[in-house]
Each structure stands twice: as structure tokens, then as C-alpha cells.
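Reviewing the structure listed below.
Any read-out appearing in this document is the output of simple, stated calculations on the displayed coordinates, not a laboratory observation. Predicted model only: the values in this text are computed from it and were never measured. So basically every Cβ, Gly included, is an ideal-geometry build from the backbone, and we count neighbours across all protein chains shown.
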Amino acid sequence: MTKLIFRGTGDSQGVPRVYCDCGICAGARSPQGINRRLRPSLQMSNEETGTTWIDCGPDWSKQMELAGLRGIDRLLLTHGHFDHIGGLVEWYDVCRWTERRGEVYCPAEVIPEIHARFPWLTSRMAFIAIDEGLRIGEWTVRAWRVNHGKNGYSYAFRFDSMESGFKWVYCPDSIDLTEQQQEPLREVDLLILGTSFYKEPYARESRSLYDVTEAIEHAAKWKPGRMLLTHLSHDIDIRERRALPEYIEYAHEGLAIHV
Ligand SMILES: [Zn+2]
Ligand SMILES: [Zn+2]
């Protein structure tokens, strides 16, 4: 049995945003603030295969403390943006002090981007391309490239269980997917999708993620069994469901799902 636990459900700046005094950010400043959110990451734990961590933003060490974890077994990365890789420098130090070699799995084209930003990581971390797929215990993992609007590209991951047949997708950063890019998202048991705003007022060319209204529209076509929204900015109050159908929910930190 594999357990997924959300460890970060915020957007690239997290909630609260440093400069912002809006109601959501003000509420999130209290330690119990329901809309307090760290940068996006997901923990995937399994007795046999240990802890796989997906994306490693700059809140990584805080997330590990909150999770009560002293180490992870491997890391999967969707793309090279700071909110998804900033914590690599912290994991590097952990690897150095615990004298182990970190395993980082990501698509080949992401590897040189990370090396350009943090060139010293390779002395303590192995970067392994997963374009041909990856197997983690019962799960086959497939990464595919998705449009990320003005921010270029990201990858999404699809996990298929060879034991139960359960299918789930992690797609935190995407917008305007082509028909082909949408194919692996269709009719999965669980779809985790990034949506930063409820309804983005900004010009299309300046955007980089779907908003919640677009997610609702696409979900009617993709037909996931359950859909969880993450990568949520200070625009989202998770207590307000507005037009969300029953099978779509906002994720929150600590939310755990058995898959
Ligand atoms: Zn992001
Ligand atoms: Zn991104």
C-alpha cells in the first residue's frame, strides 16, 4: 500500500506572500492559518520502497521537520523552476553530512538546467534520466512534457500500479495542454493538478498555470475519479468551494491518500 501525503500545496511564493496584506495572507500568518501553504511537493511512502519525494522546493527542510522525517530515499523532479528545486541545496548538505549519495530522477532535459544553477550538487547526487520510464515497486512511472505557458515547459508524471491497476497523475505546473499532452490525464483514478488562481484576470500570454474554472471545465472531459488541486496561491480560500463539483477538492498540507 502506498500513501501519498501533500507536504506543500502553495504556489511559487507560498502563502502568505512576503509583501502581501490581503485577507488570505493575513489569516495564513497565524501558525494555524488554514490557508498557510508551503511550496509544492508530495511525499509518496511505501513500506517496500521507502520514501519518494516529488519536487523539492525551498521549503524542503521545513517540510521534512513537519513530516517528522530524517531522510528520503529518492527524489522525482517535474522541472527546473526554483519553487520545485530550491531545496536541492539543502538535501545536498544532508547527503554530505550523512555520507550518502542522493538519487534524483527527472527527464533528461531538466538535468543540465539544474546543474547550471547548482553545479556542486553532482558530487553528492546522482541525476538519473527517466525518459524511458521508471519503476518504483508496484508503480510504473511515466513522465511527459506539458506546456507551462510563459514559463516554458514542465513534466507531468503518471503512475500505474501493476498490482491494483490504480492510475494517478501528478501535474503541478501546466496550461493549454495539446490534445496529445492531455491523453495520459484521461480517466485516471486520481488527478492532482496545479491551479494557482480561481479565475485568472491576467492576459493569456502572461499566464503559466490553469485556473480553477478551467480545471473544472477540463475535468468534465478528462473524467478523473477524484481530482485534487494544488499549487494554490493567495487567491484561494480552501474553505470556499464555489463551483467545485463534489469529486474535486483543494488539497491541503498533511492530506494523506492511500493509493
Ligand atoms: Zn511551480
Ligand atoms: Zn514552474
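Side notes on the structure shown:
- Share, in percent, of DSSP beta bridges within the stretch 2-258 that are antiparallel, nearest 5: 55
- Between the stretch 200-217 and the stretch 93-107, the alpha-carbon center distance in angstrom: 36
- Whole-Hz couplings from phi, Karplus 6.51/-1.76/1.60, listed for the stretch 16-32; x for Gly and Pro: x, 7, 3, 8, 9, 10, 5, x, 5, 5, 4, x, 6, 6, 6, x, 8
- If you model the stretch 2-258 as an ellipsoid using its alpha carbon gyration tensor, with each semi-axis the square root of five times an eigenvalue, the axes come out at 26, 22, 18 Å, biggest first.
- A helix-only calculation puts the chain at -5000 deg cm²/dmol for mean residue ellipticity at 222 nm, using -39500 (n - 2.57) for each DSSP H run of at least four residues, averaged over all residues.
- All lysines inside 25 Å of Lys199 as judged from Cα atoms, apart from same-chain residues fewer than 8 positions distant: Lys150, Lys221, Lys223
- Taking amide hydrogens as placed 1.01 Å from N in the peptide plane, the amide H of Ile128 sits under 5 Å from those of Val104, Tyr105, Cys106, each at least 5 positions away in sequence or on another chain.
- Each of Val141, Val110 was scored by other Cβ atoms within 10 Å of its Cβ. Listed from fewest to most, they are Val141, Val110.
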